[in-house]
Amino acid sequence: MAAPKVLIPRQTKRLVNTLNRTENIQTWDYDNAYAQRIKDLCNASGVATRCIKRHSRFIAGRGFTDIATYKQVIDLKGGTVDKLLGLCARDYSYFGGFAIHFRYNGLGQIIERKYMNFADTRLCSDSDKIAFYDNWDGLSQVKKFNLKEIKRINRFNPSTVIDEINECEGSTYLDKVENYNGQVLWYSSEGFSAYPIAPIDPVAEDVETDFQSKLYKNKNIRTSFTSSGMYIQVGKSETDKQRQETQNNLTEFQGADAAGNIMLVEIDAGDVAPSFVPFSASTTEDRRFEYHESSVEKSIVKCFAIPPVLAGILEAGKMATSSELKDAYDIYNSETEPERIIFEEQFTKALGKPVSILPLTINFNATPNQVN
């Protein structure tokens, strides 16, 4: 199976946004695939994935204080407010933003609130709308935009719904309602009309290093820690077919997963026996590898300001005490409080009533709603 495509999400600048006049959108970085690259990068790193999960869970906390609100069904497929909160918190930890889609009936009443994948949203350049499309990252290749599949959705403002419905295509009002794309509550940590910078972006190189270290260890296991090197064969093969058979025999000897670990080199015949010459490696290579592996883990964890004990970084042979865990929870609850306030403000708009989020607690019997 091919390794996932992982690319550092930026070059010299954090974001390079341009105006795509044909599709009438503001691109998200130079290739309009910043969010997709960020997610691929994070998902390829065990440390980054763990940090995003921990960060998003502290944002969502134990849910809203009102249990009835927290378990309220808000879409036609049975989705609830707690699921929506969790999904939006996860997107915020990945990208620094989240989006909620609203569907209305002909009276301008909300009939659905649904999670919208933030990575699939883009800012429209000429109006107060958000563009939604599920294949932005595939468009930098040979595929072109399918303008009919890009949905233009108005920003969240219930007071303008009826006017927006009347502006839709349709011979009757019911047709217009059917063609109405609804509204979207689109939040970015960088502001109303700016793409967010992902929380992980400052340590993107460390995240990529964590991914590469995983590949390094995997390759050693798959090749049974066989030293790479050259098999020097005295006497050249008479044909390309004979040379390929020799290389195949070497590969078969190593095992299929070790293909290419030994290079075949032919020299003129003489009074010299065939030999294997390993590629030299420093005796300190493993120690350097361990240092960098530990260093990048700490760097990624620090980026999310996660206390080491919550990130699983402990001294060898040491277990965290109850008081250490409680202190860590208190510290990280304080660290993520600004994000919870943001979510309380935005979900108050989305639900049409004041809500507040309960922080996570070390008490595993805590109520209501959710434990850590």
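What follows is calculated from the coordinates using simple rules that are stated; it is not laboratory data. Computed from a prediction, not measured in an experiment: that's the story for all the values here. A quick note on method: Cβ atoms are made from the backbone with ideal geometry, for glycine too, and the neighbour counts reach across all protein chains shown.
At-a-glance table
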quantity: Filtered trypsin sites (Lys or Arg not before Pro), the stretch 63-143: DSSP coil and at most 10 other beta carbons within 10 Å; calculated: 77, 143
quantity: Flagged links, alpha-carbon separation over 24 Å, of 39/148; 39/83; 39/349; 53/353; 298/326; 53/114; calculated: 39/148; 39/349; 53/353
quantity: Loop chymotrypsin sites (Phe, Trp or Tyr not before Pro), the stretch 175-214, which have at most 10 other Cβ atoms in a 10 Å radius of their Cβ (DSSP); calculated: 192
quantity: Cα gyration tensor category, rounded, prolate or oblate, for the stretch 20-114 with a/c compared to 1.5; calculated: oblate
quantity: Prolate/oblate/rounded label for the stretch 62-180 (Cα gyration tensor, a/c 1.5); calculated: oblate
quantity: Long-range HN-HN contacts of residue 80 with modeled amide H, under 5 Å; calculated: 74
quantity: Loop-resident sites, the stretch 147-208, for trypsin sites (Lys or Arg not before Pro), counting at most 15 other Cβ within 10 Å (DSSP); calculated: 148
quantity: Positive dipole terminus of the stretch 47-195, leading residue within 107, 63, 170 (C-beta point charges); calculated: 63
quantity: Counted charge near residue 74, where neighbours are those whose Cβ lies closer than 15 Å (Asp, Glu -1; Lys, Arg +1); calculated: +4
